[in-house]
Amino acid sequence: MKICFKNTKYTEIYDLLVVNLSFKKMARVIVIGAGIAGLAAALRVRKLGHEVTVFEASDTAGGKIKSLSLNGYRFDKGPSLFTMPHLVTELFELYNEKPATYFNYAKQTTACNYFWEDGIHFSAPANVVDFAKIASNVFNEPYTNIENYLNNSKLKYDATAPLFLEKSLHKASTYLNKKTLNALLALPKLHINKTLNDVNKASFKNKKLIQLFNRYATYNGSSPYQTPGIMSMIPHLELFYGTYFPKGGMKNIALSLYKLAVDKGVKFKFKTKVEKVLHHNKKIKGVKTKVGEHIADLVISNADVFTFYQKLLKDVEPPKRTLKQEVSSSAIIFYWGINKKFPKLDLHNILFSENYQAEFETLFNKKQVFKDPTIYINISSNVQIDDAPKGCENWFVMVNTPGNFNQNWENIIKEIKKNVLQKINRMLGVNIEKHIVCEHILDPVKIEQQTGSSRGALYGASSNSKYAAFLRHTNFSRKLKGLYFCGGSVHPGGGIPLCLWSAKITANLIEKEGYA
């Protein structure tokens, strides 16, 4: 309620105090990019009462979360794993909306199907207790070894989440609370100075179980033989919180947030590429597009930070040490319409390489694709039956690759497709070629072109260093007041949950700056 005085002079003074000292400082905010983090940041900042406009170069929201339709088959083009759905639903609850009005999803009973060349097959339950029991039998591993590992995974997550995931690592205030102090005190137990592979070898006797838990390094595009042992907390996110599938496909995560944002007054400008970020006297002024300049008090970039500095902020010296970090892995993805059903396969399936260490050395040291790659097969039609014609399946077949360093991708794709087909036929006992009725291929070059991700990296910088978390780009600019960052290429990292956390961190920073 506005206070009025008999003397208009006092009323004017009061208004000035409200605007400038204030109880509320409203801002015009521009978000660059309508990826999952950009959408979440727009919603959170809009909730603070600001005027928010999102500029997106493509014609739809979602960033890497897109859909592909091909000859009656529908594919999730980008991320295919959905965990920690509460990070999505809390955005609806922020506005006192029932999430189910916009967004629905179902928990999966199986986390992933794993296959090895010698015929061993493990269907991993999507909960901690069943996983430990069944894995103990399949791998002849003492139950206590698995139980202790998963308990330690939880302890690592609980100890580090308040520091490494939920707050900026680059603000002094982050370190001045009890939770952060506890996280710092726990550091000696977090295996920062060991690799994930070292931790797993010390935890298990069975080589296949070691390989299975080494795989979690790929969740942020890293190597288990280089990334620190703290990454052994990742299984907790999958097995404790569970794995899910959104009704209508992964695209509906982004589309539901877009619909909410529109309903709450966020404005969107699609097919409008930001060409330059405008600033004056070390303060943000807005952005420039092909149709002119757009004034803003705050700019939040959801663009890849490497691309951001190269193309949108050329006149400001970039954080060189941050941008020199090794990029994460990329991928070659085959989208295959299959005219048959394979009961042995589930939503998520892994066909492991015989030599995992050689595979990662080839990816990160030689910048090439291993001749016997680990293959990930996602089949969403096993959950969303209308994603493929009756009696058919939609196969999303992915192998990890290095980023784009000007390799001969045409030759690589031909070679890797031959090797992938042979491996699938050998391990599943099929002749898959005769069942492929349509195909689309995505490679690092196309990923870079379509998403703006530097070198086609899927997760920004890799985590192949114990310092990676601290070197990852900040959620705010140290050089320009009013410039903020969110998304997979900044703190805390890539993947849907971390992107949603980045948006939350960024919105909290804006609120603490007095824009609330």
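Taking every DSSP bridge with both residues inside the chain, close to 70 percent are antiparallel.
Take 385-391, 108-114 and order them by the average number of nearby Cβ atoms within 10 Å per residue, most first; the result is 108-114, 385-391. When peptides 124-136, 433-445 are ranked by their average number of other Cβ atoms within 10 Å per residue, the highest-first order is 124-136, 433-445.
Alpha-carbon geometry of the chain: the Rg and the Dmax are 23.8, 88 Å, given in that order.
Applying both filters, DSSP loop and at most 15 other Cβ atoms within 10 Å, to the chymotrypsin sites (Phe, Trp or Tyr not before Pro) of region 378-469 gives Phe405, Tyr467.
Summary of the geometry: region 459-493 and region 105-154, compared by the centres of their Cα atoms, lie 33 Å apart. Packing, taken as the mean count of other beta carbons within 10 Å per residue, orders the peptides 230-237, 359-366, 314-321 from highest to lowest as 230-237, 359-366, 314-321. Within straight-line reach of Lys512, meaning a Cα separation under 16 Å, sit the following aspartates and glutamates at least 8 residues removed in sequence or on another chain: Glu166, Asp297. Within the accessible area of the chain, the carbon and sulfur atoms contribute 52%, probe 1.4 Å, all protein chains present.
If a/c stays under 1.5 just call it rounded; otherwise compare a/b with b/c (prolate if a/b is bigger, oblate if not). Do that for region 195-327, with a ≥ b ≥ c from the square roots of the Cα gyration tensor eigenvalues. Verdict is oblate for region 195-327. Take the chain with all the other protein chains still there, run a 1.4 Å probe, and you get 44 Å² of accessible area per residue. In this structure, the amide hydrogen of Cys112, modeled 1.01 Å from its nitrogen in the peptide plane, lies closer than 5 angstrom to those of Ala124, counting only residues at least 5 positions away or on a different chain.
The separation of region 415-449 from region 253-272, counted between C-alpha centres, amounts to 35 Å. Within the chain, no whole DSSP H helix has Cα atoms reaching 20 Å or more along its own axis together with a mean Kyte-Doolittle score of at least 1.6. Placing +1 on the Cβ of every Lys and Arg and -1 on the Cβ of every Asp and Glu, with nothing else charged, gives the chain a dipole about its Cα centre of roughly 1440 debye. What's the center-to-center distance, using Cα atoms, between region 213-230 and region 314-332 in Å? Cα centres, region 213-230 to region 314-332: 20 Å.
The values are calculated or read from the model by the stated rules, or taken from the named source; none is laboratory data. Just so it is clear, the structure is predicted and the values come from calculations on it, not from any experiment. Don't worry about glycine lacking a Cβ; one is built from the backbone with ideal geometry, like all the others, and counts go over all protein chains shown. Each accessible area value is taken on the protein alone, full model and side chains, heavy atoms only, with ligands, DNA and RNA left out. Shrake-Rupley method; radii C 1.70, N 1.55, O 1.52, S 1.80 Å.
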